[in-house]
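Input: a single structure, listed below in structure tokens.
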Amino acid sequence: MGAKTGLLMYADGDIPGLLRRVGSADRDRTAAMMRRLYLGWEIEECEGSTLWDGVYPPKGTVYAASWPGVEVIGDQGVMIDLPSQLPGRLVAASAGRRLVLHAMHSVVDWLAFAVWEDGRLVRSLSLSPDSGVVENIGEPLPFELPYWAGNRPAGIVPWPDEDEEPYPLPFHPLELGEDALRALCGFILEGRPEPDDVDADAIELHGFHTRDPHGPDLAKRQAELRVAVDAMAPPRVCTLGTDGSLIERNDL
């Protein structure tokens, strides 16, 4: 699994049903939504993407679209450990509507999602194998129930030079993440598509470069990241053995 998301959706009703009926999003309407949600930020239009590709844009870029009844925002900035702490300006924009947050990162098997109804948080879940359950607010939604009931176990993940150990969580967050994405937003990124899934690759999003004038400088963050990457040890390359275990290669 390699899916990553940083996604917000606002809607006047069922998001999957609304997305199945959308056409091209008006650029001016979308730009007005961006100015409203990112009040006081520097915003500059750039090349867009699609809903399938645009759910995890580069830092400093937002992919978005606004139609009557439903709005979509792809932004790494909404990938927060505690969905209940989503900035107030973004929650306030959901007055009278449903708001869905979906955030997922495959590198660390982290998933977070949340649902607000008319500005009231009704469900929030955030978990990863390293941190466990970080946030669990409200009653599980129907698509979650098989996971909590033990019907979707994660199994065992073998690593080189280590004993096989059960996965630290009762289920794999990314598997639940795909089911959450389908149930709440109407599509998936990985797995077998279903006939009534939203065609996310056909939904175009407009692109915007954004900068919070009160936030950290992007160039400085990128320079710090390069220093950290340069200090990392060489990567370990593994192949899959005949018994399903991972074998480290030393011939590269």
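Quick notes on this one:
- When each of GLY177, GLY186, GLY191 is tested for being within 18 Å of the chain's Cα centre (by Cα) and at pLDDT below 95, the lone residue that passes is GLY191.
- Failed criterion for VAL133 (all others in (1) assigned to a loop (DSSP other than H, G, I, E, B); (2) more than 30 Å from ASP26 (Cβ to Cβ); (3) of a type outside the set (S, T, N, Q) hold): (1)
- Of the numbered criteria (1) of a type in the set (A, V, I, L, M, F, W, C); (2) surrounded by fewer than 23 Cβ atoms within 10 Å (Cβ to Cβ); (3) farther than 26 Å from HIS172 by Cβ, the one TRP52 fails is (3).
- All positions within the stretch 34-49 that are surrounded by 16 or more Cβ atoms within 10 Å (Cβ to Cβ) and of a type in the set (D, E, K, R): none
- In the stretch 1-10, the residue that is nearest to the chain's Cα centre (by Cα) out of those that are among the small types (Gly, Ala, Ser) and surrounded by fewer than 22 Cβ atoms within 10 Å (Cβ to Cβ) is ALA3.
- Of residues in the stretch 87-100 being touching a residue at least 40 places away in the same chain (Cβ under 8 Å) and closer than 18 Å to THR210 by Cα, the one surrounded by the fewest Cβ atoms within 10 Å (Cβ to Cβ): ARG89
- Any pair with Cβ under 7 angstrom, 6 or more apart, that starts in the stretch 113-129 at a residue that is over 16 Å from LEU141 (Cα atoms) and ends at one that is at pLDDT 95 or above and assigned to a strand (DSSP E or B): SER128/TRP110
- All positions within the stretch 170-209 that are buried (at least 20 other Cβ atoms within 10 Å of the Cβ) and at positive phi: GLY186
The values are calculated or read from the model by the stated rules, or taken from the named source; none is laboratory data. None of the values given here were measured: they were computed from a predicted structure. Backbone-built Cβ (ideal geometry, glycine too); neighbour counts: all protein chains shown.
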